[in-house]
Structures are given as structure tokens and as C-alpha cells.
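Data block below; observations after.
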Amino acid sequence: MNGKTLSAARARQILAAAQKTRVLVVGDVMLDQFIWGGVSRISPEAPVPVVDFARESFMPGGAANVARNLVCLKTPAELFGAIGNDDAARKLQRLLGEQNIGCTGLVRNSTRHTSIKTRIVAHQQQVVRIDRETRGALDARTTARLLAEFRTKLPRAAAVIVGDYGKGVVTQPLLNEIKSFCHERGVWLSLDPKPVHHLDLSNLSLITPNRKEAFELADLPDETRNANPFADKNLMLVAERLLNELRPALLLITLGEFGMLLCQRGQKPFHIPTVAQEVFDVSGAGDTVIATFTLAVAAGASPIEAAILSNHAAGIVVGKVGTATTSPEELAKSFPK
């Protein structure tokens, strides 16, 4: 490691150390449904493709996909969120159990619908997505039950990830309590933001907005775009504003085909170009980034090492169709020896 590169040996060392940690994931959990098929004709009823059904599959989504990414990288994970009293909740819990994701922190609320995202995919292309969900803020009683369960598991955790997908679980009272708990114990706290919520995101360990979210958080228009982020004056201004106003220990802005920008107060930002060879599906790529970065830091990696590792993980999953993950072996092989 020369400070700006990562060898396969060092990647394996970080991933091995991560297996001895534990990460808690809190946020909006979902059930991802994929309907797979092919298209050979246009409907005579409307100018839309007719998808010939082939099969369907289900997998954990949202914050549950963050946890899934962790366990696929052999890092133990516990999941906390709210589900309804419905078939989707039971299917989601069964999937989580099969994948060894701790889910005693999923609190049932019969007034809510478990979020389901149905994606119809034909010839490896997403045709349409259908969302069935409750978006209202989680009530105080359910929030208290969730936090009580979270607090019992925190002493064994090396890090916490909050996944806000705008479905109502991540409220200001919940975030305030989690920040307080983590600060008391010195536990690393990462957050994937949803700017529409206007939450107080100050004093977190890591924030991982994409470019669009970063500009929204900074309340600035995105009028420029450059493959070289250092030549993108507006992006540099956004990074500086977020560092100064929110004061995270680290800010990681994901830039799609232009890679990532790792920012820290008092230091020049570090740009990591994308390693994706081919992009089939970006669904869940942000989940992979925050999961991999956080487990790496929990395992003792430096911020730059964690950013490079998460960039490689994202490059792998976008080359797969559906909400995908990677394994320690596959991830380590993506690095030069």
C-alpha cells in the first residue's frame, strides 16, 4: 500500500479482519421482487412492450440489502427497522434467516405495509418498477421499541449504518438517539442520506451521498459536470460546504461513471476513478458502497483503503443484473497482486 493503491494481499487482510467485527444496520427495509422475461412484440392495446413471463425472484432490499452485502462479505450483521403484519414481511424475514442476517430488530407495526419494489426485467433491461409501501413517519411507540432492541445489541458492534430511503423509519428522534448512543460508546456511524427529509445530519462518521444528493444537501444547483472532479468548481464547492456545515469525519460522494470523491476537512479530496468494466444494473450499488466502506473501517482500514475497496465492490455489482452482491474472494481477485 503506497497510500493511494491497494494490493490483493491487503484487501484480503482487511476482509479477513472484517469477519471478526459486527455491524448494525438501521433503516427502511424492503422486499425486492424481480419479474424476469423477454419481449418480442408491442401490445396492440397501447404502445408498450409485452413481457413474456419466465420467472420471479425475491431478495432483501433497502437497508436489508445493506445487511445482505455485509454478510456476503462474511461480516456479521444485525438489522433494525419496521415491517408490516403481511405476507411481504414474512417472506422478507424468511430470506433474511436463510442468509444469516440477524433480524430480531425488525419491529412489526400492523398499520404499515412492508415496502415491496417490483422490477420487471426483460433481456437484462429494467422495463418498469412498481412500489407498494407506507411512507409516513414511524410512530413514537414503534420507534421506542426499535431503539430499545438496538441499544441491547450496540455493545457488541464495531460500527452502525443508517440507511434512509425515505420510507419513514429514519426520523429525527430516531437519528438523534442513534447518534447519542454511538457517540457515548465511540462507535463508527455511517449514513446514506435522503435529502428530501431535511434531517440534521451533523457530526456523523461518514455520509455517502451520490452527486445529486450532495447538491441537494448543499442546496446548490448542479449546472456543471466534468470527468475530472477537481475541474468541477461546483462539485468542489458542494464538498466544502457539506464538510463545513455538517462536519462529518468523512464525506464520500459517489459520481457514477466518474468514480468517487473522498473528502476530509483540512485535506485535499481524493478521487477514485471507477473500475466498472460494464454496467448492467446500478440497483443497490450505493448499498454496496456504504456496506463495504464501513466494514473496512471497522476492520482497521484507512479511509483511502476503505474507499478503494468499496469502489471495487461497486464496480463488480453494477456488472450484474438485479440487486447484486460480491464475495471476499471475488472482491480480492479484482485487485492486482
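Only one entry in A64, A88, A54 is in a helix (DSSP H, G or I) and more than 23 Å from T152 (Cα to Cα), namely A88. State whether the residues of segment 76-89 include one that is under 15 Å from V29 (Cα atoms), among the charged types (D, E, K, R) and surrounded by fewer than 23 Cβ atoms within 10 Å (Cβ to Cβ). Within segment 76-89, one or more residues are under 15 Å from V29 (Cα atoms), among the charged types (D, E, K, R) and surrounded by fewer than 23 Cβ atoms within 10 Å (Cβ to Cβ). Of all the residues in segment 293-319, those that are surrounded by 17 or more Cβ atoms within 10 Å (Cβ to Cβ) and either in contact with a Gly (Cβ under 7 Å, 6 or more places away or on another chain) or over 16 Å from W188 (Cβ atoms) (or both) number 10. Anything in segment 109-163 that is modelled with pLDDT of 95 or more, small (G, A, S) and not in a loop (DSSP other than H, G, I, E, B)? List them, or say none. Across segment 109-163, the qualifying residues are S115, A140, A144, A148, A159, G163.
All of G102, G97 fail the test of being under 25 Å from A324 (Cα atoms), buried (at least 19 other Cβ atoms within 10 Å of the Cβ) and of a type in the set (G, A, S), apart from G102.
When the residues of segment 1-47 are filtered to those that are modelled with pLDDT under 95 and part of a loop (DSSP other than H, G, I, E, B), the one that is surrounded by the fewest Cβ atoms within 10 Å (Cβ to Cβ) is N2.
Yes/no matrix, rows are residues, columns are (1) under 21 Å from R68 (Cα atoms); (2) of a type outside the set (S, T, N, Q); (3) modelled with pLDDT of 95 or more; (4) in contact with a Leu (Cβ under 6 Å, 6 or more places away or on another chain):
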position: S202; (1), (2), (3), (4): no, no, yes, yes
position: E216; (1), (2), (3), (4): no, yes, yes, no
position: F230; (1), (2), (3), (4): no, yes, no, no
position: M236; (1), (2), (3), (4): no, yes, yes, no
position: L246; (1), (2), (3), (4): no, yes, yes, yes
position: V289; (1), (2), (3), (4): yes, yes, yes, no
position: T292; (1), (2), (3), (4): yes, no, yes, yes
position: A306; (1), (2), (3), (4): yes, yes, yes, no
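The residues in segment 105-133 that are more than 21 Å from the chain's Cα centre (by Cα) and either on the phi < 0 side of the Ramachandran plot or crowded, with 17+ Cβ neighbours inside 10 Å (or both) can be counted, and the count is 12. Scanning segment 188-219 for residues being of a type in the set (V, I, T) and outside any helix (DSSP H, G or I) gives a total of 2.
The values are calculated or read from the model by the stated rules, or taken from the named source; none is laboratory data. The structure displayed is predicted, hence computed values, not measured ones. So basically every Cβ, Gly included, is an ideal-geometry build from the backbone, and we count neighbours across all protein chains shown.
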